[in-house]
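S.K.: Okay, here's the structure, questions in a sec.
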Amino acid sequence: MVPIQKLRKTKPYSLTQPTLETLAIIAYRQPVTKAEIELVRGVDCGGVLRTLLEKKLIAIKGRKEVIGRPFLYATTSRFLEVFGLENLSSLPSIEEIKQLKDSDIPLFEQDSQ
């Protein structure tokens, strides 16, 4: 068990919508390249990837064996810890997500800082 004092000292993650979208793509398609992420999102994700790397939610897991040998990104154990998952199979399936009603989706308040 984690002492309450330690929990109070930890700052909760503040993740933007683009960051969450990118993180979801990586979680469900890992290992994945930057170009593959950008193909899904339709926009450049270099800054978002840097942020996720700094927060240690993703890591570079190698290089893809294609021309240019781009980095392969995957989630880390820190990702599992932050989102309260035991392993990647704990992620909801795409079908489970599609079946959610809008009222079932938790709302996150934005910081007013």
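S.K.: Please find, within the range 74-103, the residue that is modelled with the highest pLDDT out of those that are open to solvent by 100 Å² or more (accessible area, probe 1.4 Å) and in a loop (DSSP other than H, G, I, E, B).
M.R.: Glu86
S.K.: Is there any pair with a first residue in the range 18-46 that is within 25 Å of Ser90 (Cβ to Cβ) and free of Cβ contacts under 8 Å to residues at least 40 places away in the same chain and a second that is of a type in the set (Gly, Ala, Ser) and exposed (fewer than 14 other Cβ atoms within 10 Å of the Cβ) whose Cβ atoms are under 9 Å apart and which are 6 or more apart or on different chains, and what are they?
M.R.: Final answer for the pair search is Pro18/Gly47.
S.K.: Answer yes if at least one residue in the range 58-73 is assigned to a strand (DSSP E or B), modelled with pLDDT of 95 or more and open to solvent by 90 Å² or more (accessible area, probe 1.4 Å), and no otherwise. Let's see the steps before the verdict.
M.R.: First, the residues of the range 58-73 that are assigned to a strand (DSSP E or B): 58-63, 71-73.
If we keep only those that are modelled with pLDDT of 95 or more as well, we get 58-63, 71-73.
Remaining after also requiring open to solvent by 90 Å² or more (accessible area, probe 1.4 Å): 61, 63.
Yes, the range 58-73 has at least one match.
S.K.: How many residues, within the range 24-33, are part of a helix (DSSP H, G or I) and either touching a helix residue (DSSP H, G or I) at 6+ places or on another chain (Cβ under 6 Å) or more than 12 Å from Ala59 (Cα to Cα) (or both)? Before you say what the answer is, go through the steps one by one.
M.R.: Our first condition is that a residue be part of a helix (DSSP H, G or I); within the range 24-33, this holds for 24-29.
Filter once more, keeping what is either touching a helix residue (DSSP H, G or I) at 6+ places or on another chain (Cβ under 6 Å) or more than 12 Å from Ala59 (Cα to Cα) (or both): 24-25, 28-29.
Residues in the range 24-33 being part of a helix (DSSP H, G or I) and either touching a helix residue (DSSP H, G or I) at 6+ places or on another chain (Cβ under 6 Å) or more than 12 Å from Ala59 (Cα to Cα) (or both): 4 in total.
The values are calculated or read from the model by the stated rules, or taken from the named source; none is laboratory data. Here the structure is a predicted model, which means the values were calculated and not measured. Virtual Cβ from ideal backbone geometry, glycine too; neighbours counted across all protein chains shown. Note: areas computed on protein heavy atoms with side chains; ligands, DNA, RNA excluded. Shrake-Rupley method; radii C 1.70, N 1.55, O 1.52, S 1.80 Å.
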